[in-house]
Structures are given as C-alpha cells and as structure tokens.
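First up is the structure itself, then whatever we jot down about it.
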Amino acid sequence: MGTAPDAPFWQQKTLDEMSTAEWESLCDGCARCCLNKLEDWDTGEILWTSVACELLDDSSCRCRDYDNRAAIIPDCVQLTPKEVRTLSWLPPTCGYRLVSEGRDLYWWHPLISGSAETVHDAGISVRHRTVSEAGMDVEDYENFIVDWVDETPG
C-alpha cells in the first residue's frame, strides 16, 4: 500500500489482509450498525431508526451475545470485507468503511485515542439513544426515525 513500515496496521493492510484481532479492533463500538433501518421502496433511501437489535446493550453499545448473534438474530449482518465494500448503509464514521475507502480513522476511534470511551464522549455512539426492538411491531419502527446516524463530527 506504499505506507511507512511503522504506520498502523489499518494503513498498511487491506481489510482482506487483516487478522481476526485486527479486523475486530476496527469496530469503534458506536453500535450504529445495530440500529434497524427502513428502506423507502420507491427511492431506495435508507431511513435510520433508533430501534436497536434486542441483543444490544444500550449502555455499553456492545452485543450481549456477540459469538452467537447470528444464530439468535438470523438477519444480523456479520460484516466481512466483501460486505463492507457493498453495503451502502454503513455510517460515514464506520472504521471498516473508512479503511475500505482509503481514509484514516477519526480521533475518537479507540485505536487512535487509546480509550473505548472516546466514541461515546464524541457523541458518535448510540449510547442511551435507543429503544429495543424486543416486542415491537416492525410497523412501529417508522415512529423512531432519526437523522443523527449519518452525521459526521467536525
């Protein structure tokens, strides 16, 4: 990739070249990808909601059963390098998306800041901004449409 040998791994490797540990560390812990999305059938526009997967812990922004999430939530999208390159709905702040597009991580990303809390401090995460999908009818999701997911901090 033409980077200095002392550059961080995400600047030296493609997503496909990363180890499992490197791949997992690209997740900034924002949990925006754990929010349910609605698609406008006419325009294809993705509308974000504050309705979170029932496995999301709203305080930690982590999955309550990460290792078994696909078995529990069949439509859980497990990100892969291929998925990252094709999913149009990944938030603009997503570490996977940024690296895939050849951009660097933001200052609040734990790999840059050294702290898992900065993603919350910067207001990027969904912490305390969600409602659980558990027991909710899909028809009610439209009552929870939000516009803050696509925001990028200055």
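Some observations on this one:
- Taking first residues from segment 35-64 that are in contact (Cβ under 8 Å) with a residue 40 or more places away in the chain and partners that are assigned to a loop (DSSP other than H, G, I, E, B) and among the aromatic types (F, W, Y), the Cβ contacts under 6 Å between residues at least 6 apart in sequence or on separate chains come to K37/W89; I46/W89.
- Residue match in segment 89-103 (condition: in contact with a helix residue (DSSP H, G or I) (Cβ under 9 Å, 6 or more places away or on another chain), assigned to a loop (DSSP other than H, G, I, E, B), of a type in the set (S, T, Y) and under 22 Å from W48 (Cβ atoms)): yes
- Residue match in segment 90-109 (condition: touching a residue at least 60 places away in the same chain (Cβ under 8 Å), closer than 23 Å to G44 by Cα and of a type in the set (F, W, Y)): yes
- Of all the residues in segment 45-95, those that are crowded, with 16+ Cβ neighbours inside 10 Å, of a type in the set (S, T, N, Q) and closer than 14 Å to L35 by Cα number 2.
- Whichever residue in segment 9-61 is acidic (D, E) and over 15 Å from the mean Cα position of the chain (by Cα) and, among such residues, is farthest from V146 (Cα to Cα): E17
- Residue check, D121 surrounded by 11 or more Cβ atoms within 10 Å (Cβ to Cβ), of a type in the set (D, E, K, R) and over 23 Å from R97 (Cβ atoms): no
- Among (1) modelled with pLDDT of 95 or more; (2) outside any loop (DSSP other than H, G, I, E, B) - the single one C33 does not satisfy: (1)
- P153 meets each of the listed conditions (1) of a type outside the set (D, E, K, R); (2) at pLDDT 95 or above; (3) more than 14 Å from the chain's Cα centre (by Cα) apart from (2).
- Of all the numbered requirements in (1) touching a residue at least 24 places away in the same chain (Cβ under 8 Å); (2) more than 26 Å from M18 (Cα to Cα); (3) in contact with a strand residue (DSSP E or B) (Cβ under 7 Å, 6 or more places away or on another chain), D147 misses one, and that requirement is (3).
- Candidate set from segment 69-86 (those that are touching a Lys or Arg at 6+ places or on another chain (Cβ under 8 Å) and in a loop (DSSP other than H, G, I, E, B)); member that is modelled with the lowest pLDDT: Q78
- Taken over segment 120-139, the criterion of being among the acidic types (D, E) and either free of Cβ contacts under 8 Å to residues at least 60 places away in the same chain or over 10 Å from N36 (Cβ atoms) (or both) is satisfied by D121, D137, E139.
- Scan of segment 117-132 for residues that are within 12 Å of D28 (Cα to Cα) and assigned to a helix (DSSP H, G or I), ordered by number: T118, V119, H120
- Residue list for segment 1-22, filter: surrounded by fewer than 18 Cβ atoms within 10 Å (Cβ to Cβ) and in contact (Cβ under 8 Å) with a residue 24 or more places away in the chain: P8, Q11, T14, D16
The values are calculated or read from the model by the stated rules, or taken from the named source; none is laboratory data. This structure is a prediction, so every number in the text was calculated from the model and none was measured. All Cβ positions, even for glycine, are placed from backbone atoms using ideal geometry, and neighbour counts span all protein chains on display.
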